[in-house]
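Trainee: Quick one: this structure, given as structure tokens, is what I'll be asking you about.
Bear in mind these aren't lab numbers, they're just calculated from the coordinates by the rules spelled out. Quantities reported herein were computed from a predicted structural model and do not represent experimental measurements. All Cβ positions, even for glycine, are placed from backbone atoms using ideal geometry, and neighbour counts span all protein chains on display.
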There are 2 protein chains.
Amino acid sequence: MDESIGIRERTRGAMRGELADVALRLFEERGYDETPVDEISTAAGISPRTFYRYFGTKEDVLFADLPPTSVDLSELLTEHLSRLSPWEALHQTLRNVSERMQTQRGRWSRLLRVVNTSDSLRAGHLEQHMNLAQTLIPVIAPQLEGPASSSALRARVLVHTALTCFDTAFSHWAEHESDIEILDAVDIAFTTFSDATPETR
Amino acid sequence: MDESIGIRERTRGAMRGELADVALRLFEERGYDETPVDEISTAAGISPRTFYRYFGTKEDVLFADLPPTSVDLSELLTEHLSRLSPWEALHQTLRNVSERMQTQRGRWSRLLRVVNTSDSLRAGHLEQHMNLAQTLIPVIAPQLEGPASSSALRARVLVHTALTCFDTAFSHWAEHESDIEILDAVDIAFTTFSDATPETR
DNA sequence: GACTAATGTGGCAGAGTCTGCCATGTTCGA
DNA sequence: TCGAACATGGCAGACTCTGCCACATTAGTC
């Protein structure tokens, strides 16, 4: 089964991984903005030009191969939607993602720490979520009741809010790593509304 | 009272405004990525170097002088918090911002249309909100009940979610300008949770 | 084993954003 | 009127990213 991949693709994948490792390490040492692509590529033994063949942008070396973007979330979400409310389904879907990420806790906290040192990086991270949102909104939209005129908007709100909760939980966890578990942070984030807005019911 | 400003600052402000106008117009015509700073500055009769004295980055020419960043939201929020729940206070605060923005409806829809044509711009726009969040979170945090360990996280979630609702409402409005009013969109966005998550109570 | 095609890689030039430095002109207050 | 503060412009340079072409390696075929 693996033979079908061919050695070329396997080494290519390995190079992507090595680049990601080297880059993360250098970013931790000297900072993202202070580390030009030149240094990453030479540290990995390739030319700058080749770097841009593996990753379209410098940011991508951090974000491209991350779980939330590589896992098929629509499928997961569809499954949860069959037995949960839209909001709960989003909660569980992103909770599942968090569970998978736990196997790489160390890498994640390193990455989040790097991301939070640079404004441009934070923006790039947000863009990842915008892309994810475009995938999830069409899955949620048909499940919403109420007037069609507002359900399109509410689907957007639900998905973007869910990703915001997810993101906020992770940032908070990365900053207070010793005080709280990832999954607890995610659960607290997703249940904030039911606790904090009694008047709006 | 206005005399204290001095003509220099007044003309400087005028140049900022003119640059913003010229830039928005050019971005509409040729697109953001296809319009180099050279063209904006020459169209406004200044050198590229001087452009970067008025705006630190090319993005800033779109975002820097916008109401949500120039109005003092902390003050507004503090006032609402004295008689509303945190979530409702955030809702009303951003509703007030939306009301002020209505006087520039046309400019806003033009701007949002430009922003939504470029991924990098959308991310930059979100970053404006990240900065706002840093201002609002300390205002909300002391109002939250419950264990201190989770209230810091919940304050972050509430503020980021509020800004997400605000942002989503505006994007939706910009795309369906004829179907919905800004304030209605904002209200729908902010009341999405109370309607859509009965199970989580 | 040799040949061709596909693919990975590197170098080069160039556009575009943004910064530091210095020189020039204009305005303001004394 | 003179010096100080300020706005502007030009220049060089770093950095990201792209298009183009040349070279080498590999894969598949005969």
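Trainee: Once you average over the residues of A:121-127, how many Cβ atoms of partner chains fall within 10 Å of each Cβ?
Mentor: On the way: counts 0, 4, 11, 4, 2, 8, 6.
Mean shielding count: 5.
Trainee: Separate question: Which value in nm describes the separation of the simple spin-label points at A:Leu183 and A:Glu29, placed 7 Å from the Cα toward the beta carbon?
Mentor: Taking the simple label geometry, A:Leu183 and A:Glu29 are separated by 3.7 nm.
Trainee: Per residue of A:172-180, what is the mean number of Cβ atoms on other protein chains within 10 angstrom of that residue's Cβ?
Mentor: Average per residue, whole number: 2.
Trainee: What is the calculated FRET efficiency for B:Glu99 to A:Thr103, with r their C-beta to C-beta distance and R₀ = 41 Å, to the nearest 0.05?
Mentor: The formula returns an efficiency of 0.30 here.
Trainee: Here's another thing I want to ask about it. For the residue pair A:Asp119 and A:Glu145, what label-to-label distance in nm results when each label sits 7 Å from Cα along the Cα-to-beta-carbon direction?
Mentor: Going by the 7 Å Cα→Cβ label model, 4.5 nm.
Trainee: So, one more: Relative to the other copies, what are the label-point distances for B:Gly146, with labels 7 Å from Cα along the C-beta vector, expressed in nm at one decimal and sorted shortest first?
Mentor: Reported distances to equivalent positions: 2.2 nm.
Trainee: Also, I was wondering about something else. With just the Cα atoms of chain A, tell me how far they stretch along each of the three principal axes, in Å, largest first.
Mentor: 59, 42, 30
Trainee: A further question follows. So, with +1 on the Cβ of K and R and -1 on the Cβ of D and E, and no other charges, what is the size of the charge dipole of segment B:32-191 about its Cα centre, to the nearest 20 debye? Don't jump to the answer; show the numbers that get you there.
Mentor: Values: 13 positive and 22 negative charges, 69 e Å.
That gives segment B:32-191 a dipole magnitude of about 320 debye.
Trainee: Also: Taking A:Asp184 in one copy and the same position in all the others, each labelled 7 Å out along Cα→Cβ, what are the pairwise distances from the first, in nm, shortest first?
Mentor: Result for A:Asp184, in nm, nearest copy first: 4.6.
Trainee: Under the rule of -39500 (n - 2.57) per DSSP H run of 4 or more residues, summed and divided by the residues of the protein assembly as shown, what mean residue ellipticity at 222 nm is obtained, to the nearest 500 deg cm²/dmol?
Mentor: -23000 deg cm²/dmol
Trainee: Which value, in debye to the nearest 20, describes the size of the charge dipole of the protein assembly as shown about its Cα centre when Lys and Arg Cβ atoms bear +1, Asp and Glu Cβ atoms bear -1, and nothing else is charged?
Mentor: The calculation lands at about 520 debye.
Trainee: Using alpha carbons only, how many angstrom separate the centre of segment B:35-62 from the centre of segment A:38-87?
Mentor: Centre-to-centre (Cα) distance: 33 Å.
Trainee: For chain B, what relative contact order do you get, as a whole percent, if you take Cα pairs closer than 8 Å and at least 6 residues apart?
Mentor: 18 percent
Trainee: Shortest first and in nm to one decimal, what separations exist between A:Ala43 and its copies in the other chains, measuring from label points 7 Å along the Cα-to-beta-carbon line?
Mentor: From this label point to the equivalent ones elsewhere in the assembly: 4.1 nm.
Trainee: Return the average number of partner chain Cβ atoms within 10 angstrom of each residue Cβ along peptide B:156-169.
Mentor: On the way: counts 9, 15, 6, 2, 7, 10, 2, 1, 10, 6, 0, 4, 10, 3.
The per-residue average across the peptide is 6.
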